[in-house]
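Engineer: The structure follows.
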Amino acid sequence: MKNSVEFTACPCAGATLDKLLQPAVLAVLAEESLHGYELTKRIGEIQGFLDAVPDMSGIYRTLKTMEERGLVQSDWNVCKGERAKRIYSVTEKGKLCLEHWQETLRQHGQAV
């Protein structure tokens with residue numbers, strides 16, 4: 001692609017996919033409950049994120065907001081000899097939100 005270097009930080013190249021972080025979090029947590037590091041790793045494996053691991057602080061900010069909105073919940077997992085980890089899981093409200101995201105993204109895909 002001509003002048004592709006110019007577009008590496010452009011949304012058209014997928015550089016700013018923060019709006020897709022919420023549905024990605026919901027989709028991954030719908031499969032299984034995870035702690036933040038593993039969640040970030042799994043999101044990085046999603047094809048739409050272009051194999052780029054999301055920023056950890058951004059993930060935790062998103063999780064906090066989503067928890068405040070009732071889309072995810074967290075519990076502490078304490079194992080002897082290890083640091084306590086917060087394990088996140090999707091709520092029923094979060095599952096409904098994911099269904100809405102799927103339809104919205106499908107419609108946007110058709111429009112594009």
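Every read-out reported here was derived from the displayed coordinates using simple, explicitly stated rules and does not represent laboratory data. Not measured: the values here are computed from a predicted model. Please note: Cβ atoms are built from the backbone with ideal geometry, for glycine as well, and neighbour counts cover all protein chains shown.
Engineer: For Lys41, list the lysines whose Cα falls under 22 Å from its own Cα; do not include residues on the same chain fewer than 8 positions away.
Structural biologist: Once the sequence-local lysines are set aside, what remains near Lys41 is Lys19, Lys64, Lys85, Lys95.
Engineer: Another one. Trypsin sites (Lys or Arg not before Pro), restricted to the range 40-112: which are DSSP loop and have at most 12 other Cβ atoms within 10 Å?
Structural biologist: Answer in residue order: Lys80, Arg83.
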